[in-house]
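Rule-based calculations on the coordinates, nothing more; no lab input. Worth saying up front: this structure is predicted, and the values here are computed from it rather than measured. For neighbour counting, all protein chains shown are included, and Cβ atoms are generated from backbone atoms with ideal geometry for every residue, glycine included.
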């Protein structure tokens, strides 16, 4: 019996339970709407920015859609600064998930996520920056699951996180643009955002088909492209 493995597994389970409790107790799912942004973030200067980053980091780390973070960043801070803060919060959430998995979850969760870990490892290992960038551009897949699987795999941390950071930018730009137009001229901003989102998704799929060379990252995407 491996005592260290058991203790590490207990630590992971307890910490996950604690995170789930805190999310439910804090009402995180009810945050990041326009009312909360207006009360706590918008026009609050540095305090509002730091609060937005903190909540956005925690939210993306536990699986909250990063597109919502980006949208609210645009709504709270405008297109340019909202994009910057949205990317920062999303990247910090990615780092938190990756580091958490790598430091605490590898021995316990490897069997549970073996298939996904193997696919991410095989897909990213040879060209970690480029292939991670490609994954983040794809219009399907779970960002938090990818970060978790990468943390459990043998993928090098720095190129994975840098590729994620760059890959997060296009969709963050799109949703920050849409969010910044909620109060004024929403029609053309939403229209432009929709076009940019489609272009980003098409580019991701195109690059996937050109560069994957038989590798499979996401079975759902493979089925959609084959259909």
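By average Cβ neighbour count within 10 Å, what is the ranking of 75-86, 37-48 from highest down?
Working: 75-86: 21.5, 37-48: 13.6.
Per-residue mean Cβ counts within 10 Å order the peptides as 75-86, 37-48.
Please label the shape of segment 117-167 as rounded, prolate or oblate, based on the square roots a ≥ b ≥ c of the eigenvalues of the alpha-carbon gyration tensor (a/c under 1.5 means rounded; beyond that, a/b larger than b/c means prolate, else oblate). Spell out each step's value before the answer.
Values: a/c = 1.42, a/b = 1.11, b/c = 1.29.
In terms of gyration-tensor shape, rounded.
May I ask for the distance between the Cα centers of segment 158-176 and segment 68-95, given as a whole number of Å?
With segment 158-176 and segment 68-95 each reduced to a Cα centre, they are spaced 11 Å.
Can you give me the distance in nm between label points at residue 50 and residue 162, each placed 7 Å from the Cα along the Cα-to-Cβ direction?
3.0
Could you sort the peptides 52-60, 169-177 by per-residue average Cβ neighbour count (10 Å cutoff), highest mean leading?
Values: 52-60: 21.4, 169-177: 24.2.
Those peptides, ordered most packed to least, come out 169-177, 52-60.
If packing is taken as the mean number of other Cβ atoms within 10 Å per residue, what is the order of 145-157, 62-74, 126-138, highest first? Walk me through the numbers before you get to the answer.
On the way: 145-157: 21.7, 62-74: 23.5, 126-138: 20.1.
My ranking of the peptides, most packed first, is 62-74, 145-157, 126-138.
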